[in-house]
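See below for the structure under consideration.
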Amino acid sequence: MSMCDLSVTLGRLALRNPVLVASGTFGYAKEMAPFIDFARLGGVIPKTVTQAPRAGNTPPRTVETASGMLNAIGLDNDGLEHFLTHHLPYLRTLPTAVIGNIAGKTEDEFVEMAARVHTAGRDLAGLELNLSCPNVSGGLDFASDPELTQRIVRRCRDACPNIPLIAKLTPNVTDISLIARAAADGGADAVSAVNTFVGMAVDWRRRKPILGNVTGGLSGPAIKPLALRAVWRIAKLKAVPVIAVGGIGTLDDAMEFLVVGATAVQIGTANFYDPTASVRIVDGLANAVKSLGADSVRAVIGTLNV
């Protein structure tokens, strides 16, 4: 059988294959080294970092739900400088693309962090802007406002002109395609769709919420149909490449998102119950693409017949 080209491009970001691991589900990669051959992945997105250290939300922070999980971690991390000093040196050694992920409490903080990453992290393959964390107070749902999304992306683009930018979008809006277009107009190389859906779990016997934060972000197989629709809506714009996120744990899941228009996929919640899911998807990708009569993954992207 002829060779199959798995490479994809998202704006200025080139990947050897379309399979990434999602921020917040893979630590800072070192934790997953016993399970994963990083060279087989399209890329790694480490945990979100903030300007200053954060302790995160009050426990309990996670709860299993039907076909998924709720998390309210609250961006627990040691801050940007710690990331640049202690985590980035290891990430630089990985034989795959490493895409940083940042979240700011304010618009100006996003820009300051992007500028700092531009100075200290020039060898990062890209930078994902977490505009959509549902578990932190202080206004982090920036991606619910098209104008604000466009402005933050544009200012970050100006602050780090040489790094491919990805805007991570929230599904907790009426029309995600409007937000995606705004990110594209701001200069994003791609958008990640979607972040988690806001939900909650209750212990009715105690009449109390289970999560310490009361609400959390729903992820896992339960949200895949909703994420598929969001990716399809954005892809139809043809304004910006889409990285699909939401319930992807198998080769079939990944292929569904590629066919509806995603250029790449991120494996998230599946990493918790099957750390090898991402490499197994990569291993099966070529044969799946060939089964559709194509010789490159790019040839099957957006080929859904409607």
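The values are calculated or read from the model by the stated rules, or taken from the named source; none is laboratory data. All values reported here derive from a predicted model rather than from experimental measurement. For neighbour counting, all protein chains shown are included, and Cβ atoms are generated from backbone atoms with ideal geometry for every residue, glycine included. These area figures cover heavy atoms from the full protein model, side chains too; ligands, DNA and RNA do not enter into them. Shrake-Rupley method; radii C 1.70, N 1.55, O 1.52, S 1.80 Å.
Filter the range 207-241 down to the residues that are part of a loop (DSSP other than H, G, I, E, B), touching a Pro at 6+ places or on another chain (Cβ under 7 Å) and open to solvent by less than 10 Å² (accessible area, probe 1.4 Å) and list them by number. Result: Leu211, single match. For the range 153-186, how many residues are in contact with a strand residue (DSSP E or B) (Cβ under 7 Å, 6 or more places away or on another chain) and either of a type in the set (Gly, Ala, Ser) or over 19 Å from Ala244 (Cβ atoms) (or both)? The qualifying residues number 8. Residue under question is Ala39, and the condition is that it be in a strand (DSSP E or B), more than 30 Å from Thr215 (Cβ to Cβ) and among the small types (Gly, Ala, Ser); does it hold? No, not satisfied. As a summary of the residue check, Asp141 satisfies the conditions (1) out of contact with any helix residue (DSSP H, G or I) (no Cβ under 7 Å at 6 or more places or on another chain); (2) open to solvent by 60 Å² or more (accessible area, probe 1.4 Å); (3) closer than 21 Å to Leu13 by Cα except for the one numbered (3). Listed by position, the strands (runs of 3 or more DSSP E) contained in the range 49-124 that have at least 1 residues being out of contact with any Gly (no Cβ under 9 Å at 6 or more places or on another chain) and under 25 Å from Arg16 (Cα atoms) are 97-103.
Say whether the condition of being open to solvent by 20 Å² or more (accessible area, probe 1.4 Å), among the small types (Gly, Ala, Ser) and farther than 29 Å from Asn17 by Cα is met by at least one residue in the range 129-137. Yes, there is a match, as at least one residue in the range 129-137 is open to solvent by 20 Å² or more (accessible area, probe 1.4 Å), among the small types (Gly, Ala, Ser) and farther than 29 Å from Asn17 by Cα. Residue count for the range 16-30 satisfying the condition of being open to solvent by 10 Å² or more (accessible area, probe 1.4 Å) and either within 18 Å of the chain's Cα centre (by Cα) or modelled with pLDDT under 95 (or both): 6. One residue alone among Ala244, Ala254, Ala299, Ala264 is open to solvent by 50 Å² or more (accessible area, probe 1.4 Å), at pLDDT 95 or above and touching a strand residue (DSSP E or B) at 6+ places or on another chain (Cβ under 9 Å), and that residue is Ala299. Looking across Ala235, Ala227, one residue alone is at pLDDT 95 or above, more than 18 Å from Gly43 (Cα to Cα) and out of contact with any strand residue (DSSP E or B) (no Cβ under 6 Å at 6 or more places or on another chain). It is Ala227.
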